[in-house]
Amino acid sequence: MQQEHKLARTLSGRHINMIALGGTIGTGLFLGAGDSIQKAGPAIVLVYIITGLFVFAMMRALGELLLSDHDQTTFIGFIKSYLGPRAGFVMGWTYWIGWIIIAMAELTAIGKYMQFWLPTTPAWLWELIFLGLLYTMNIIAVKAFGETEFWFALIKIVA
């Protein structure tokens with residue numbers, strides 16, 4: 001007789017909330033925002049507000065779509081339904097590539113931060129160390145991943 005494996009919900013509400021908050025802040029935000037403010041000045045705040053309003057409207061629209069069609073679970077599903085499987089395929093891979101680029105930008109930011117405190121160590125070494133840490137965090141148990149993300153998000157929020 002084969003045993004049935006079910007997913008266990010091991011993340012608590014505090015894990016979910018802190019992962020969401022930490023994800024919105026992002027490691028590269030401080031580095032990118034500082035560079036933008038230096039180049040554009042205080043007008044960049046207006047740009048952030050306008051962009052935030054567009055993102056808010058987009059997420060509200062996606063929420064309405066999710067409420068109207070309970071068969072869909074992702075935005076890729078909506079693209080497949082309304083624009084066809086080819087568009088869904090292209091969007092899925094584009095989304096994946098986008099996240100890979102973001103992850104590499106985050107690692108680059110970490111390398112720059114660490115070089116600020118330890119200038120004699122090359123940035124690539126820090127990037128490699130943190131890539132290994134991210135890999136390790138993703139292959140361990142969900143509970144440990146959630147706890148690690150909780151503390152990293154708390155560090156970003158406090159900073």
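No lab work stands behind these numbers, since they all come straight from the coordinates. Quick caveat, the model's predicted, so the values are computed rather than measured. Here the Cβ positions follow ideal geometry from the backbone for every residue, glycine too, while neighbour counts run over all protein chains shown.
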Neighbourhood net charge (13 Å Cβ-Cβ; Lys/Arg +1, Asp/Glu -1) for Ala109: -1
Whichever lysines have a C-alpha closer than 28 Å to that of Lys112, once near sequence neighbours (fewer than 8 apart) are set aside: Lys39, Lys156
Packing-based exposure ordering (other Cβ within 10 Å, fewest first) of Lys39, Lys143: Lys39, Lys143
Vicinal HN-Hα couplings computed from phi for the range 121-126 (Karplus, 6.51 cos²θ - 1.76 cosθ + 1.60; Hz; Gly/Pro x): 8, x, 4, 4, 5, 5
Separation of alpha-carbon centers, the range 91-146 and the range 37-69, rounded to whole Å: 25
Percentage of interatomic Cα-Cα distances in the range 84-152 larger than 16 Å: 62
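For the chain, give the magnitude of the charge dipole about the Cα centre (Cβ charges: +1 Lys/Arg, -1 Asp/Glu; no others), in debye to the nearest 20.
Working: 10 positive and 9 negative charges, 14 e Å.
Magnitude of the dipole: close to 60 debye.
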Net charge contributed by nearby residues that have their C-beta within less than 13 Å of Met18 (K/R +1, D/E -1): 0
Whole-number Å³ per residue for the convex hull built on Cα positions in the chain: 192
